[in-house]
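The values are calculated or read from the model by the stated rules, or taken from the named source; none is laboratory data. Since the model is a prediction, treat every value here as computed from it, not as a measurement. Reconstructed Cβ throughout: ideal geometry from the backbone, glycine too, with neighbour counts over all protein chains shown.
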Amino acid sequence: MGIYCEIDTHTPPCGFFVPGRPVTGVLRYTLDEGTYVDNIILSLKGVGNQIVIKDHYQKTEKKYYCDEEYVYITSVIKIDENENVSGARKYETEFNFPLPTNIPSSLDYEEEQGNFVVSSKISYNIRAKFIVQGRFSFNKKFTEEIQVASTAITPTLPMIPNIYGQRKKLFQPFTKGQSIVDIKAVVQSSVVLPGGKLEIAYEVQNDTNLVVKAIKTKLVEIYDFFYDKYYPMCQMTHNVTDMDSKTSAVKSRDTFKSAVEIVLPFELHNMVHSQLVKRSYVFLITAKLPSPHRDVKLEIPLEIGNPVHIENVSNDRPQIVYPTTEDCVSDKNASIGAAGTSCGPPPSYWQSIEERDSLSLVEDFGKKFDLGSDEEDNDSNETNATTSKKGLTR
């Protein structure tokens with residue numbers, strides 16, 4: 001006596017389902033002789049579960065549990081009384097569940113950094129629950145997990161060439177004038193498609209009598225975890241594999257210039273639509289200084305995803321309207337237009353510089369940040385950036 005069940009989902013070739021599109025498949029089940037079922041409850045459920053442990057292995061250890069539901073759709077399959085006959089029989093039933101547009105991607109994250117331990121999971125499952133007849137019979141459940149990739153973002157950063165800068169004044173006694181290390185960068189677009197190209201031109205000006213040991217660049221993935229949407233618990237960072245580089249030293253009173261073009265992995269994208277966890281990215285440029293001076297770091301915020309616009313905003317979650325052009329979503333090497341409404345890439349950084357050939361790169365930065373001014377408010381750091389963002393946890 002028993003029930004045998006198979007949940008066969010029609011997973012797309014990419015390996016994951018996309019919000020706003022249906023989850024389809026076939027439920028195949030076999031009822032042994034003597035097993036009688038009243039009905040089958042077929043459902044699609046998406047939930048998030050998270051545990052954040054603070055001060056792990058210490059007397060002051062605290063645990064924070066939180067969960068969130070993203071989608072819950074049910075469908076009842078009635079069993080015809082004529083089907084409860086002797087002998088085992090096989091059945092098939094097709095299902096179709098529409099995925100909401102405003103749900104986060106699947107996630108299975110476990111990490112320990114500092115005095116925090118985090119376990120965060122966002123999962124989506126197709127579940128079949130068989131309501132079995134009989135006083136001493138138990139209902140049976142079968143579950144099949146599906147993967148969801150939600151790459152839709154509402155851009156908040158510039159989608160046109162934008163300038164960022166970081167300046168640090170070093171304390172060097174017995175030195176005439178100011179000792180300053182400047183990092184200046186122009187990003188082609190702060191919004192990049194998954195699998196798209198990130199273009200950044202930068203320069204490091206070493207106006208000191210020291211040697212900058214090296215210039216390092218890397219792409220950093222940031223996770224912010226929340227106890228609720230108003231109470232951020234902790235932040236954890238990871239270097240994206242094969243997205244880093246290191247240059248040689250920059251001599252005293254010298255300037256180093258470079259342009260970076262990086263094709264991002266297709267699986268990278270910002271995570272939104274969850275009140276438990278957020279995922280974002282920054283491009284980090286570091287000038288390594290000799291001891292006892294601290295390194296100079298410039299963080300360039302990025303948004304990786306498919307730009308969309310918001311419609312019919314409600315108190316709970318806004319409704320996402322996806323682009324109508326399929327190529328904008330599927331092309332792994334496409335760039336984002338300046339207005340975000342076409343698949344065509346904007347002019348490259350160097351083309352935009354050529355259109356203003358009367359100004360050099362340094363002059364552009366100087367006019368933007370007034371680098372020639374001698375007025376300084378402090379003797380440590382001065383940050384110039386056109387966009388504000390969260391800083392990395394050090």
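Summary of values
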quantity: Condition met for residue 71 (in contact with an Asp or Glu (Cβ under 8 Å, 6 or more places away or on another chain) and either surrounded by 15 or more Cβ atoms within 10 Å (Cβ to Cβ) or at positive phi (or both)); calculated: no
quantity: Selection status of residue 200, touching a residue at least 12 places away in the same chain (Cβ under 8 Å) and within 20 Å of residue 239 (Cβ to Cβ); calculated: yes
quantity: Residue within region 162-181 that is under 19 Å from residue 269 (Cα atoms) and either within 19 Å of the chain's Cα centre (by Cα) or modelled with pLDDT of 90 or more (or both) present; calculated: no
quantity: Residue check, residue 144 under 19 Å from residue 222 (Cβ atoms), of a type in the set (Asp, Glu), out of contact with any His (no Cβ under 6 Å at 6 or more places or on another chain) and at pLDDT 95 or above; calculated: no
quantity: Which numbered condition residue 180 misses (of (1) surrounded by fewer than 22 Cβ atoms within 10 Å (Cβ to Cβ); (2) under 26 Å from residue 308 (Cβ atoms); (3) β-branched (Val, Ile, Thr)); calculated: (2)
quantity: Residue count, region 292-323 (criterion: in a strand (DSSP E or B) and at pLDDT below 50); calculated: 5
quantity: Residue match in region 218-241 (condition: among the polar types (S, T, N, Q) and crowded, with 21+ Cβ neighbours inside 10 Å); calculated: no
quantity: For residue 227: the one exception among (1) part of a strand (DSSP E or B); (2) farther than 29 Å from residue 62 by Cβ; (3) touching a residue at least 12 places away in the same chain (Cβ under 8 Å); (4) not acidic (Asp, Glu); calculated: (2)
quantity: Region 245-278 - residue that is part of a strand (DSSP E or B) and free of Cβ contacts under 8 Å to residues at least 60 places away in the same chain and, of those, nearest to residue 100 (Cα to Cα); calculated: 278
quantity: Matching option when the condition is at positive phi and either surrounded by 17 or more Cβ atoms within 10 Å (Cβ to Cβ) or in contact with an Asp or Glu (Cβ under 9 Å, 6 or more places away or on another chain) (or both), among 195, 165; calculated: 195
quantity: Members of region 262-309 found to be surrounded by fewer than 18 Cβ atoms within 10 Å (Cβ to Cβ) and of a type in the set (Asp, Glu), listed by number; calculated: 267, 295
